[in-house]
1. If you check every pair at least six apart or on different chains, which have Cβ atoms under 7 Å apart with a residue in the stretch 32-45 that is more than 20 Å from Pro16 (Cβ to Cβ) first and a residue that is outside any helix (DSSP H, G or I) second?
2. Determine if the stretch 108-120 includes at least one residue that is within 21 Å of Gly84 (Cα to Cα), aliphatic (A, V, I, L, M) and part of a helix (DSSP H, G or I).
3. Criterion first (touching a residue at least 60 places away in the same chain (Cβ under 8 Å) and among the polar types (S, T, N, Q)) does Ser72 satisfy it?
4. Given the options Ala131, Ala141, name the one that is part of a loop (DSSP other than H, G, I, E, B) and open to solvent by less than 60 Å² (accessible area, probe 1.4 Å).
5. Given Ala89, Ala95, which one is out of contact with any Phe, Trp or Tyr (no Cβ under 6 Å at 6 or more places or on another chain) and either within 21 Å of Thr38 (Cα to Cα) or in contact (Cβ under 8 Å) with a residue 12 or more places away in the chain (or both)?
6. Condition first: under 13 Å from Asp5 (Cα atoms) and part of a loop (DSSP other than H, G, I, E, B). Now tell me which residues in the stretch 40-61 satisfy that.
7. Take Ile126 and decide whether it is under 17 Å from Phe193 (Cβ atoms) and either within 13 Å of the chain's Cα centre (by Cα) or at pLDDT below 95 (or both).
8. Would you point out the residue of the stretch 175-201, among those that are farther than 23 Å from His110 by Cβ and in a helix (DSSP H, G or I), that is most open to solvent (accessible area, probe 1.4 Å)?
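The values are calculated or read from the model by the stated rules, or taken from the named source; none is laboratory data. No experiment lies behind these values; they were computed from the predicted model shown. Heads up, the Cβs are rebuilt from the backbone with ideal geometry, glycines too, and the neighbour counts pull from every protein chain shown. Accessible surface is based on the protein model in full, side chains and every heavy atom, while ligands, DNA and RNA are left aside. Shrake-Rupley method; radii C 1.70, N 1.55, O 1.52, S 1.80 Å.
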Amino acid sequence: MRWIDILDRLVVEAEPQLTEFDAAIGDADHGANMTRATCACKAVLGDVPPLTTAAAFSEVGEALAQYIGGASGPLYGAIFLALGDSVPATTDIGAGDLVAGMREALISLHNLGAAVVGDKTMVDAIAPAVAELEQLVSVGAPFPEAVAAAAEAAARGARSTIPLRARKGRAAYLGPRSEGHQDPGATSSALLFEALRLAVGP
């Protein structure tokens, strides 16, 4: 799957930055965990390619949940498992299918982690990206244009976590010391949308 191939490349490139961000407010292992997980996703998809896109999403979700580990594993897994459950069981899916799947993925994140925008989590990147994607697709914008705008929204959302005080996850225990640092989960989540932008773009 082109999306995952590109995500793996972006995560490998960003591993030092993810490690640096996580060292400030976490366990300093988010970069290594993400790199291990996206590599595992490529291996899973390459060994016996799934017959449908929905099945591929589910395979990726299982691999992410297993190989990222910690609190992030189930959350990242939930994104792709929700996509797998939501999109049609066909080889090709449309823009509307992916948008609906991303909405379900966001709902899964809310249900699993109870985080909202402003809590300094991956939701700060994903929620605005999904909202941008939904809005543009609903008015008939070309899908690559909508995804590009969503990727920009995700990157802005990740940067918006810098001044925030963490209210969820391990960083929440730091209280005011969590302020002034970009959330690593929001940063890696923004890479999801950047990878999708590159996958669907010209």
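1. Taking only residues 6 or more apart or on different chains, the pairs are Leu45/Met1.
2. Residues of the stretch 108-120 within 21 Å of Gly84 (Cα to Cα): 108-113.
Restricting the remaining residues to those that are aliphatic (A, V, I, L, M) gives 109, 112.
When the remaining residues are screened for being part of a helix (DSSP H, G or I), the result is 109, 112.
Yes, that holds for at least one residue.
3. Details: touching a residue at least 60 places away in the same chain (Cβ under 8 Å): yes; among the polar types (S, T, N, Q): yes.
So Ser72 fits the description; yes.
4. Values: Ala131 fails: part of a loop (DSSP other than H, G, I, E, B).
Going through Ala131, Ala141 in turn, the sole match is Ala141.
5. Details: Ala95 fails: out of contact with any Phe, Trp or Tyr (no Cβ under 6 Å at 6 or more places or on another chain).
Sole residue among the options that is out of contact with any Phe, Trp or Tyr (no Cβ under 6 Å at 6 or more places or on another chain) and either within 21 Å of Thr38 (Cα to Cα) or in contact (Cβ under 8 Å) with a residue 12 or more places away in the chain (or both): Ala89.
6. Matches in the stretch 40-61: none.
7. On the way: under 17 Å from Phe193 (Cβ atoms): yes; either within 13 Å of the chain's Cα centre (by Cα) or at pLDDT below 95 (or both): yes.
Yes; evaluated as a whole, the condition is true for this residue.
8. Our first condition is that a residue be farther than 23 Å from His110 by Cβ; within the stretch 175-201, this holds for 175-177, 179-181, 197-201.
From the residues that got through so far, the ones that are in a helix (DSSP H, G or I) too are 175-177, 197-200.
Values: Gly175: 15, Pro176: 79, Arg177: 161, Arg197: 82, Leu198: 50, Ala199: 24, Val200: 48 Å².
The residue in question is Arg177.
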